[in-house]
Each structure stands twice: as C-alpha cells, then as structure tokens.
1. For the chain, give me the percentage of DSSP beta bridges that are antiparallel, rounded to the nearest 5 percent.
2. In whole angstrom, how far apart do the alpha carbon centroids of segment 333-399 and segment 98-141 sit?
3. Taking the Cα centre as origin and putting +1 on Lys and Arg beta-carbons and -1 on Asp and Glu beta-carbons, what dipole magnitude results for segment 57-121, to the nearest 20 debye?
4. Return the subset of K137/K333; K137/K284; K284/K316; K94/K127; K131/K316; K94/K131 for which the Cα-Cα distance in this structure is over 23 Å, preserving the input order.
5. Along the charge dipole of segment 8-417, pointing to its positive end and built from +1/-1 on Cβ of Lys, Arg, Asp and Glu, which listed residue (Y81, L44, G188) has its Cα farthest out?
6. Please rank D389, D150, fewest neighbouring Cβ atoms within 10 Å first, as an exposure proxy.
7. Could you tell me which residue out of V335, P275, S317 lies farthest along the dipole of segment 275-354 toward its positive end? Charges go on the beta carbon: Lys and Arg +1, Asp and Glu -1, centred on the Cα centre.
8. If you build a Gaussian network model of the chain, linking Cα atoms that sit under 10 Å apart, which residue out of T221, T376, T38 swings the most?
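FYI, it's all coordinate maths here, none of it is from the lab. Just so you know, these numbers come straight off a predicted model, no measurement behind them. Here the Cβ positions follow ideal geometry from the backbone for every residue, glycine too, while neighbour counts run over all protein chains shown.
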Amino acid sequence: MTAPSLSYWLASAPAFTGGTQGEVGGKVDVAIIGGGFTGLSAALALARQGASVMLLEQGQVAGEASGRNGGQCNNGTAHDYGALSARFGKDIAKAYYRVHCDAVDMVERIAQQEGIDCAFRRCGRVKLAAKPAHYDKLARAHDLLRAEVDDNVRLVPPDRMREEVGSDAFHGALIQTTSAQLHPARFGVGLAEAAARAGARIFEQAPVTGMDKVTGGWRVTTPRGQVTAAQILVATGGAPAAAPFGFFRRRIVSVGSFIIATDPLDDALVETLLPNRRNYVTSKNIGNYFRLTPDNRLIFGGRARFAISDPRSDLKSGHILQEVMGDIFPALKGVGVSHVWGGMVDLTADRLPRAGEQDGIFYSMGYSGHGVQMATYMGQAMARVMAGDVAANPWGNLDWPSVPGHFGKPWFLPLVGLWYKWQDMIH
C-alpha cells in the first residue's frame with residue numbers, strides 16, 4: 001500500500017482564511033483552548049452572545065479528531081440503551097439518548113444557518129450483526145428503543161441483508177434511520193469561518209503552555225505571547241502533554257482509530273455493495289465502521305491495532321484494514337487505496353462525555369467516538385453554561401474520577417486490546 005498518511009477529509013477541505021495573524025496579546029472575556037468542533041462551536045456561540053473571544057489552536061483548526069474521523073453523525077449514544085437505563089434509571093437514560101439526537105439536529109441547523117458546504121445528509125446508521133447471537137441482542141435493543149425513546153429504528157432480518165449490504169459477513173442489522181453523514185473537515189473549516197465572521201479571533205499554531213490564575217481571571221501563555229481572559233474553556237480532547245492539563249490527562253484515555261479511503265468505485269459496484277449509502281458499524285468490540293463519499297470512495301475504519309496514531313502505526317493499520325475490507329467485500333480485494341490515516345479517539349472510563357468546571361476552568365471532552373455531533377452540541381451548551389445557565393450542561397451531574405494507574409501515556413492499551421479480542425471470540 002502506498003498512500004499518504006493524510007486524512008482524506010483534510011486533504012479535500014478548503015483552507016481556513018479567517019485566522020488572526022501576529023502576536024497573541026490583550027484581554028478577552030473568554031479564551032478557548034482547542035480548535036476542534038467543541039472550541040469552534042463555542043467560539044461561534046460566545047461571539048454571537050457579544051463576548052470577546054480568542055481561540056488558541058496548537059495546529060490547524062479541525063486538524064485532529066474533528067478532521068480525522070469517519071464522517072458519521074449518528075443519533076443515539078455509544079452505549080446500549082438498556083445498559084444505560086439499568087445504571088441510571090429510565091429517565092436519565094432517555095435524556096442521555098435524546099441529547100445525542102438533539103446534537104445531530106444541531107449540526108444540521110448550524111450547517112444550514114451558516115451556509116457550510118459539508119455534504120450533510122440524513123442517511124441512517126446500520127448496526128451490523130457480526131454473529132447470529134448479535135442479531136438477537138439487536139432485536140431486543142430495537143424493541144426497547146421503540147417502546148421507550150426512539151421510533152426511528154427498524155430491524156433487518158438475516159434473510160433481507162442483501163437489501164442493505166452486499167456481503168455474507170453479517171447476520172441481520174438494526175437501522176437508526178435519522179442518523180446523518182457529512183464531510184467533517186469542511187464542516188470544521190466552515191465553523192471556524194463562521195466564528196471569525198462573528199468576531200472571534202482564532203490563532204492557529206499557538207499551543208498553550210501555561211494557564212495561571214491572576215486578578216480578574218487567567219493569564220494564558222503561548223510561544224506567540226500571552227492573553228488575559230476572564231474565563232477559560234478547555235476543548236482539547238485528548239489532553240496535551242503540557243503541565244496545565246494534568247487533571248484531564250489522568251481522566252482521558254486516547255486510543256488510535258485508523259481509516260483508509262479507496263479510489264472511487266464504479267457506480268454499479270456501489271449499487272451492489274451498499275445500495276442505500278448509509279453509515280455502517282459492526283457489532284464487535286474491535287469492529288469496523290464505513291461509509292461512502294459522494295464520489296464513491298469507501299471510507300473504511302476501525303481500531304485495527306490498539307496503538308497510538310503516528311505515520312508508522314497508521315500505515316501498519318492501513319494494511320490490516322485493507323485485508324479486513326476485502327474479507328467483508330471480496331469484490332474490493334485489490335482495489336486502490338488513496339489515503340490512509342489515523343486519529344485519536346478520546347475515551348472516558350464509562351464512555352460518557354464530561355463537561356463542567358474544575359478549579360475555575362471550564363471544559364468539555366471525552367466524547368468516546370461520538371464527537372462529530374456531541375462536540376458541536378457541547379460547544380454551544382458550554383457557551384450557555386459560561387454565561388450562567390448551568391442547566392445547559394447535560395453531563396453536569398456525572399462525577400469524574402481519574403483512571404487508576406493512568407498518568408497520560410496509555411501503557412495498558414495492548415492489554416485492553418487482548419481483552420476485547422477475547423470478548424469477541426467468546427460472545
């Protein structure tokens with residue numbers, strides 16, 4: 001495989017033109033640390049509220065998880081709804097499920113209001129049963145969802161799978177019909193341009209190296225200068241190595257997720273393999289997710305290796321993904337791959353987001369694979385929280401203990417990988 005270790009999305013997105021040049025300095029109402037969906041959405045909302053806003057991004061806007069994901073924008077949580085209900089009770093489980101649905105609606109609304117050309121499309125999400133027993137679980141989940149929280153789900157029995165996926169690898173499916181897909185990097189750049197138009201000052205290549213409490217707020221230090229802010233929002237996702245982020249670094253586990261993009265496929269082949277052009281995810285713990293782009297590339301990803309994303313790891317994972325893709329779709333064996341890349345998925349121990357205020361610093365992160373929609377939603381929500389509406393944070397009542405033995409580098413990832421492989425073998 002010879003393909004650039006560059007996200008297809010980032011490679012096919014326009015450049016951000018609204019950034020602020022020169023030195024970081026002055027005073028603002030809010031300093032936002034991180035230029036992904038959370039920070040950009042918050043910058044847009046805060047600027048629209050009339051606040052003076054400065055956003056500091058260590059690289060390029062939407063350059064990390066926001067521009068390196070699978071391009072899926074799905075309703076529903078990362079959890080089995082029944083498990084959430086058993087843990088928290090029916091009312092809270094419903095609220096958590098519905099906020100994810102509201103988040104998809106918000107992505108669509110912002111894209112429309114701001115005129116962001118990101119190919120947003122309601123396509124539906126298909127959960128594919130990798131084993132016969134998995135279909136039984138999907139059937140029970142379907143019945144519970146329809147009874148309690150979501151009418152927009154339906155089952156595909158094993159004998160009708162060819163209507164959805166041209167593969168013999170699956171044994172039925174559950175479809176959530178209102179889930180969506182988009183071009184995430186185009187959406188991220190569009191968010192950044194909208195925030196800049198609203199008055200936010202956005203600095204790229206401005207990593208934060210210090211946050212110090214001062215009279216009236218905070219002094220935020222970067223290699224390009226310092227800014228004084230009355231409030232800070234940390235929207236970094238996986239916490240950087242810099243000392244100011246130690247609290248978050250002990251609570252977020254960043255895991256590599258890897259993706260390939262094929263060369264454009266023939267229309268007739270697409271009609272055979274994926275006629276409804278939905279979002280797809282398999283039911284294994286170490287599973288795969290995939291979708292088509294408007295020009296018929298198959299975006300095929302998964303946790304191919306329990307490792308950190310870097311160019312070498314991305315390429316190794318790309319070979320694994322290409323092999324798995326060929327196993328699922330034999331017609332794609334030997335198809336050309338144009339891009340292979342990785343990104344970091346930021347997980348909390350229970351895979352629920354965390355947001356709130358810690359020692360006077362506001363934060364939102366830990367979306368655990370649902371960041372396209374939830375990060376966008378939480379940026380808007382945290383703008384309201386910082387203006388005094390504490391109830392706008394749906395995750396405010398969750399505690400957030402540190403992960404035992406975790407101080408930043410996830411040394412335990414290979415062990416976790418072995419555990420999940422074992423679970424996939426026996427269940």
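1. Of those bridges, close to 70 percent are antiparallel.
2. 16 Å
3. Approximately 340 debye in magnitude.
4. Flagged as over cut-off: K137/K333; K131/K316; K94/K131.
5. Comparing the listed Cα positions along the dipole, Y81 ranks first.
6. D389, D150
7. Of V335, P275, S317, it is P275.
8. T221
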